[in-house]
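The values are calculated or read from the model by the stated rules, or taken from the named source; none is laboratory data. Just so it is clear, the model here is predicted, and its values are computed rather than measured. For neighbour counting, all protein chains shown are included, and Cβ atoms are generated from backbone atoms with ideal geometry for every residue, glycine included.
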Amino acid sequence: MRASRFIAAGFGTGYAPLAPGTVASAAAVATGAGFLLLSPWILALMALLATAGGYLAVKRANIEGDPGWVVIDEFAGQWITLLALARPTMLGLAAAFILFRFFDVTKLGPVGWADRKHGAFGIMADDVIAGLIAAILLLLVRLSRPEWLM
C-alpha cells in the first residue's frame, strides 16, 4: 500500500468494516486527548499536519469522489474540535466527539457547501469546517459553563 493511501485511510482506521468515519473519529479523540495532555500546541500542530498532509495524500492518491475508507479528514476535523478544550475530560471528549459527528453527518450550512466540492479540497474542507463549528460551540460552552466539561 502506498503511503498516500495509508494516510488517506486514517492510518488504517478507514478500513474498519462498519462506520469507518465514526471509528476514525473515535481514534482521533483518543489520540487527540493524548496530544492535548502533552500540550495544546502539539494538538494544534497535529491538526494542521492532518489537514495539510491529508489534502496532499488524497490528491496524490488520485481519489475520486469521497469513498468511505478516506477518513484522514475525520482526524483533522476531530482534532480541530478538541482544540476548544482546556484539558481532556471524559465529558469534554464526549461532547467534542458528538458535536463534530453531528456537523459531519448532517452537513448543515457551510459543511454541506464544502461537501459538494470536488477532489481533495471537498474531501478535507467539509470536516475541517465541521471541526471549526464544533470547536466554536464547545468553546462557548467551556467559557460560559466550565463546570459542564469537568
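Give just the number: which of (1) of a type outside the set (S, T, N, Q); (2) buried (at least 17 other Cβ atoms within 10 Å of the Cβ); (3) outside any helix (DSSP H, G or I); (4) at pLDDT below 95 does residue 67 not satisfy?
Single failed check for residue 67: (2).
Output the number of the condition that residue 38 fails; it satisfies all remaining conditions of (1) surrounded by 21 or more Cβ atoms within 10 Å (Cβ to Cβ); (2) hydrophobic (A, V, I, L, M, F, W, C); (3) over 20 Å from residue 9 (Cα atoms).
Answer for residue 38: the failing condition is (1).
Among the numbered criteria (1) part of a helix (DSSP H, G or I); (2) touching a Lys or Arg at 6+ places or on another chain (Cβ under 7 Å), which one does residue 27 miss?
Just one mismatch for residue 27, condition (2).
Sort out for me the helices (runs of 4 or more DSSP H) sitting completely within the stretch 88-150 that have 3 or more residues that are in contact (Cβ under 8 Å) with a residue 60 or more places away in the chain and surrounded by 14 or more Cβ atoms within 10 Å (Cβ to Cβ). Full working, then the answer.
Numbers: elements: 90-106, 110-115, 119-144.
In the stretch 88-150, the matching helices (runs of 4 or more DSSP H) lie at 90-106, 119-144.
Based on this model, can you work out whether residue 51 counts as among the hydroxyl-bearing types (Ser, Thr, Tyr), touching an Asp or Glu at 6+ places or on another chain (Cβ under 9 Å) and either in a helix (DSSP H, G or I) or over 29 Å from residue 145 (Cα atoms) (or both)?
On the way: among the hydroxyl-bearing types (Ser, Thr, Tyr): yes; touching an Asp or Glu at 6+ places or on another chain (Cβ under 9 Å): yes; either in a helix (DSSP H, G or I) or over 29 Å from residue 145 (Cα atoms) (or both): yes.
Considered against the rule, which asks whether it is among the hydroxyl-bearing types (Ser, Thr, Tyr), touching an Asp or Glu at 6+ places or on another chain (Cβ under 9 Å) and either in a helix (DSSP H, G or I) or over 29 Å from residue 145 (Cα atoms) (or both), residue 51 comes out as yes.
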